[in-house]
1. So, in region 287-300, exactly how many residues are open to solvent by less than 40 Å² (accessible area, probe 1.4 Å) and in contact (Cβ under 8 Å) with a residue 24 or more places away in the chain?
2. Does Leu157 satisfy the criteria of being under 20 Å from Phe287 (Cα atoms), at pLDDT 80 or above and among the hydrophobic types (A, V, I, L, M, F, W, C)?
3. Tell me which residues, restricted to region 126-141, are of a type in the set (A, V, I, L, M, F, W, C) and either free of Cβ contacts under 8 Å to residues at least 40 places away in the same chain or open to solvent by 50 Å² or more (accessible area, probe 1.4 Å) (or both).
4. Can you tell me which residue is farthest from Pro306 (Cα to Cα) among those in region 74-92 that are open to solvent by less than 40 Å² (accessible area, probe 1.4 Å) and at pLDDT below 75?
5. Could we say that Leu281 is modelled with pLDDT of 85 or more and over 17 Å from Leu94 (Cα atoms) here?
Amino acid sequence: MAEDKQQEKKINNQEVGPVKLSRSDYWRFLGAKLRDLVFTLWLMSLIVFLIFYIIPGDTVTMLLGTEATPEKRAALEAELNLDQPPLERYRHSLRGLWDSDDPSISLRFRQPVRDLIAPRLGLSLGLALYGFILIVLLSLPLSIISAWWENSWIDKLTSSLAQIFMAIPGFFLGILLILLFAFAFSSFQAGNYQPATADFWGHLQGLFLPALALALPKLAQAQQFFRAELVKAKSAPYVRTARSKGADSWRVLFCHMFRNSLRPFVTSLGLILAELITGSLVVEQVFVLPGMGRLLFTAIETRDLPLAQGLILTIAALVILLNALVDLLNALIDPRIIAEQRARSKKEAV
């Protein structure tokens, strides 16, 4: 156990350097990630279908009432594909999301699920990306300043603010921002959403408060995480070696500390972006935005199972795809990941 910890510490203290990999190693790594991606998506779709399949309640009775004739019940069951066996219903729930000839139909709106999700997906993703951009633009300089002047008043102030914002939920922070900006300063109006096609700057202004409410807790999390990585890198052997060779402070910071702390930071940003996508569903309710969040709450309230299932599958697929992209980006930043997987595969083959 002690030898394993020493080996792990030795690896963590090594600077990211060039690793010789062939083109086949990259393709093998990509193929393994695609295989895992397809399997995870299939497993998630199966779990979501089974959850909605075993939920008690009769959808036909809810829509037609208890006094509906058998003919009407049979016609509605055929329209909603409820008269088919479970396996066929599962296939239709997946195929109906993109099949225009036989789409999944929303019980509440009586429209194809795909047509309901598509226009709202852009708003939810745009809100998450807006918040993500704010996080990246603010967390990087704040982390570098805090780590470089460790234990200074700037570091203590940013750490204190980070602890406060991490303790406040996004939806409650949204309410506070509405009271502060929309009413006290009259700078922004909550619920005054405009599509980007109508007024782009008005669209950005309408999304600023929701994006800020979404970003501030995760901004504090990212800033503290990256600061800790930079502080740990300051005492690493390769940093001491660079200083002993006469490297100036800026070179040590950006060419050694920043580069070697980038991989865990990218991983944390990927997780944060996934949380922003799911967290935007709640923030949309606070700011009355016509995104996927409001549609999902409507589907749950009205027991619109096809629509709710399509929304959850879409959100889950986005999160899974995002995690796969983060893994690929980390492999490009640090090719040792591919080298370790190659060595592990050779060891298992033996």
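1. Applying the first criterion (open to solvent by less than 40 Å² (accessible area, probe 1.4 Å)) to region 287-300 yields 287, 289, 291-293, 295-296, 299.
Checking which are in contact (Cβ under 8 Å) with a residue 24 or more places away in the chain leaves us with 287, 289, 291-293, 295, 299.
Of the residues in region 287-300, 7 are open to solvent by less than 40 Å² (accessible area, probe 1.4 Å) and in contact (Cβ under 8 Å) with a residue 24 or more places away in the chain.
2. no
3. Of all residues in region 126-141, those of a type in the set (A, V, I, L, M, F, W, C) come to 127-129, 132-138, 140.
Leu129, Ile133, Leu137, Leu138 - these are the residues of region 126-141 that are of a type in the set (A, V, I, L, M, F, W, C) and either free of Cβ contacts under 8 Å to residues at least 40 places away in the same chain or open to solvent by 50 Å² or more (accessible area, probe 1.4 Å) (or both).
4. If we filter region 74-92 for residues that are open to solvent by less than 40 Å² (accessible area, probe 1.4 Å), which is where we start, we get 76, 80-81, 90, 92.
Those left that are additionally at pLDDT below 75: 76, 80-81.
Working: Leu76: 14, Leu80: 9, Asn81: 11 Å.
Only one residue tops the list, namely Leu76.
5. No; evaluated as a whole, the condition is false for this residue.
The values are calculated or read from the model by the stated rules, or taken from the named source; none is laboratory data. Treat the numbers as computed from the prediction; the structure is a model and nothing was measured. Here Cβ is always computed from backbone atoms with ideal geometry, including for glycine, and neighbour counts include all displayed protein chains. Calculation scope for accessible area: heavy atoms of the full protein, side chains included, ligands and nucleic acids excluded. Shrake-Rupley method; radii C 1.70, N 1.55, O 1.52, S 1.80 Å.
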